[in-house]
Structures are given as C-alpha cells and as structure tokens.
Amino acid sequence: MLQHDDTIAGPAVPWLALGILLAGLGTVLLGPILPAVSLRWHLTDQQTGPLFFAKFVGSFIGGISVPRKLRYGILSGTILATLGFGAFGLATGLTTGALTLFIAGIGLGQIIASTNILAGHRYTHHTGSALSSLNFFFSLGAVLTGLVVAALEPRFGLRNLLFYLAAAYLATGLGGRLGWIRTTPGAPGPDSRTREQKPVETSPLTTPHKLPRNTLIRFALFLFLYGGLETCLAGWLTTYTLRYSDAHLIGNQSAVILLLIALTTGRALSSIALRFINESTIQRLGLILSFLSIAGLSIAHHATGLSLWSIALGLSLAPFFPATFALLMHRNPTAREAGFILAVSGLGAAVFPWLMGTVSTHTGSLREAMAVPATLALLLLAVSFLSFEQPQSGTPRFQPQVS
C-alpha cells in the first residue's frame with residue numbers, strides 16, 4: 001500500500017486556484033489604492049515606501065516560515081491575511097498601516113509559497129506548464145484588483161472594501177480546509193471520498209536533497225530582482241498614469257489593468273508554450289522584450305501609447321516566474337529552500353518600489369524613476385546566462401514508497 005505524503009496533501013484544485021487568486025489580489029492591492037491612501041494620510045511618494053516595505057518584508061517572513069505540511073501553510077496564510085487586511089481597514093496612519101500590512105504580508109507569503117511548492121510536488125511532468133496554469137489565477141486576481149477598487153471603493157469606501165476582502169480570505173481558508181484531499185492512494189481519513197479528484201500526474205516524493213550553494217544563491221537572486229521588477233510596475237503604474245497620461249479610464253486604473261490582463265493572458269499562453277519550448281529560452285526572450293517595453297513606457301505621453309506598452313510589458317513578463325520556478329523544482333529542493341527562494345521575492349518587492357519612490361521624490365520625476373525597473377530587467381537577463389548546476393542523476397525525482 002502507498003504511504004500518504006504530507007507534502008502533496010491539501011486543498012483540492014478549485015480551492016488552490018481561489019486561494020492563489022486572492023493572493024494575487026492582495027499582492028497588488030496597495031498600488032491601486034495608493035493614491036487614496038496617500039491623500040487621506042497626506043503622504044509623499046517617499047513616505048509611501050514603508051507601506052510597500054512592511055508588506056513585502058512580511059511576505060518574506062511568510063515564505064521562509066512555510067511548514068513541511070504545506071496545507072497548514074495555506075490555512076494559516078489565509079487567517080493572517082484576514083487579520084491583516086481587516087486591521088488595515090481600521091488603520092489611521094502610516095505606522096498602524098505599515099504594521100497591519102506586515103501581518104497581511106506574512107499571510108500572503110505563506111499562501112503563495114505553500115501553494116506553488118505543493119503544485120510543483122503534485123505535478124511531476126510539464127511542471128512549468130502546471131505552474132503557469134496555477135499562476136494564471138494569481139494574475140487574474142491581480143487583474144481584478146484594479147477593477148474591484150475602481151468599482152467598489154467609490155461606492156462603499158476603502159474601509160468596507162478591505163473588510164470584504166478579509167472576509168473572502170477567511171471563507172477560502174475554511175473552505176479549503178474542508179476540501180482537503182489525499183493525493184496518495186490508500187490514505188486514511190475523511191478525505192478519502194475525494195480521491196477521484198487527485199491530479200493525474202501525482203506521485204509520492206522521494207526525500208528532497210539540499211541545493212548546491214551557488215544554485216540556491218542564483219535562484220534567490222532571480223526571485224529577488226523579479227519581485228522588485230513586477231512590484232515596481234504594479235505598485236506605481238496607477239500613479240504614473242495619473243501624472244503622465246492625457247486620458248484616464250476606469251478611475252485611473254486603465255494602465256495597471258491592461259498590464260495585469262496581459263500578464264494573465266500571457267500566463268495562459270505560457271502554459272501551452274512551456275510544453276514545447278525550453279524554460280530558459282522563454283525566460284530570456286521575455287526579459288529582452290520586458291526591457292524594451294519599459295523603455296517605451298517611460299517615454300509614452302499619450303493614453304494610447306501607454307496602454308500599448310503596458311500590454312506588451314504584461315505579455316513579456318508573464319512566462320518568467322513559472323519558467324524560473326519550474327527550473328528550480330526540477331532540482332527537487334527541500335520545502336524550506338523553495339520557500340526561502342520564493343520569500344526572497346518579497347524582499348525585492350519591499351526594497352525596489354521604495355527605491356523607485358525615493359528616486360521619484362529626489363529627481364522630481366516618476367518618469368525618470370522608471371530607470372529602476374529597466375535596470376532590474378537587464379540584471380535579470382544577465383543572471384539568466386549564469387550556469388546552474390545540473391540536478392543529481394541516477395535517482396528519480398519521484399518514486400513510490402512501499403510499506
């Protein structure tokens with residue numbers, strides 16, 4: 001009889017998709033609501049930096065604290081996100097706002113890391129395609145953020161909007177807990193009735209091995225720089241549109257909505273492409289196109305040009321994360337190592353948007369601050385050409401454990 005493996009047990013696929021969708025929404029939420037928050041609390045661009053910093057430092061801590069039983073990481077993450085975003089709705093200033101976003105960030109970090117590692121363990125073939133499909137829902141949540149804020153914030157107010165989001169996290173966490181499944185045949189317990197839902201490509205894990213130090217550092221550098229790149233754009237594009245576009249649509253959310261729609265569409269297309277094209281090739285092509293798109297965005301003066309460059313940027317960024325994380329999962333890291341690497345993206349997301357705000361304040365131009373994400377794209381491209389150690393050979397990554 002096959003033994004149950006805690007690393008691949010957890011919420012059924014629909015609950016994983018809903019949870020990662022809400023994680024995407026929560027990750028980019030600060031960008032669309034930033035103008036309202038800055039106006040209410042009378043903050044400059046530089047003063048908003050601690051909000052990004054606190055949220056993504058929390059995400060880093062959430063990622064490095066991912067438990068071996070990944071289902072508990074998902075559950076605790078939704079509870080912390082509920083508490084953090086609910087309390088942010090009650091915050092009255094920069095200090096309390098940063099503290100509550102820090103708590104929400106821990107929750108988001110645990111959800112994102114636990115869900116991606118669990119999916120990487122469940123799907124042993126076409127891992128990049130599977131992760132791209134899962135992260136389609138993350139991007140979809142990010143897309144919905146701008147629409148939700150534009151549609152609901154003027155009607156219900158920012159505080160009520162945050163309360164509704166907190167309630168959605170709580171409902172998803174509880175629903176996922178009730179929907180836990182055993183992905184290994186013969187697993188005992190009340191979830192056995194749902195065994196028919198198990199993924200086709202699931203099999204129990206062998207014991208993961210530690211990554212070589214150089215490999216760990218390089219993958220961590222990938223995610224650190226990419227976390228900063230994506231968050232700089234998602235976090236500042238709404239404000240950028242407000243200042244430099246000659247037409248504002250959907251409550252000034254048009255550019256970030258287009259960026260995230262393109263990112264979502266690109267993730268769906270990447271899921272197909274990664275079945276046929278090498279992950280490293282897609283990764284590098286996307287980075288080249290990303291740099292060119294950021295350069296175009298930084299000189300756009302009209303709504304049409306800004307919209308087109310936002311779409312191009314979203315499509316070019318789309319394959320990077322699933323391709324990179326698939327390359328990592330092929331090396332069968334431990335859950336703690338994979339969680340650490342994912343968590344490092346939260347540090348990049350904390351540091352670089354803050355740096356972008358500082359550059360904008362000191363130069364007096366958010367357009368000049370676009371040099372920050374442009375530089376990050378070039379650095380990522382350079383890192384992609386560094387060689388990685390090959391996975392250990394001779395032992396299959398996954399094999400059944402017989403009792």
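The values are calculated or read from the model by the stated rules, or taken from the named source; none is laboratory data. Source: prediction; values computed, not measured. Using ideal geometry, Cβ is built from the backbone for each residue, glycine included, and neighbour counts are taken over all protein chains shown. For the accessible areas, the whole protein counts, side chains as well, though only heavy atoms, and no ligand, DNA or RNA atoms are used. Shrake-Rupley method; radii C 1.70, N 1.55, O 1.52, S 1.80 Å.
Structure summary
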| quantity | calculated |
| --- | --- |
| Carbon plus sulfur fraction of accessible area for segment 41-115, probe 1.4 Å, in percent | 73 |
| Gained length - LEU147 relative to LEU292, 0.36 nm times residue gap less alpha-carbon distance | 49.5 nm |
| For segment 272-350, accessible area per residue (1.4 Å probe, heavy atoms of protein chains only), Å² | 36 |
| Gain upon complete extension [GLN46, THR334; 0.36 nm per residue less C-alpha separation] | 99.9 nm |
| Hydrodynamic radius by Kirkwood, which averages 1/r over all alpha carbon pairs of segment 21-163, in angstrom | 15.6 |
| Label-point separation in nm, PHE385 to SER280, each point 7 Å along Cα→Cβ | 1.3 |
| Förster-model FRET efficiency, 22 Å R0, ARG213 and VAL13, C-beta, rounded to 0.05 | 0.05 |
| Point-to-point label distance, LEU99-PHE156, nm (Cα→Cβ direction, 7 Å offset) | 2.6 |
| Highest to lowest packing among 333-342, 64-73, 355-364, scored as the average C-beta count within 10 Å | 333-342, 64-73, 355-364 |
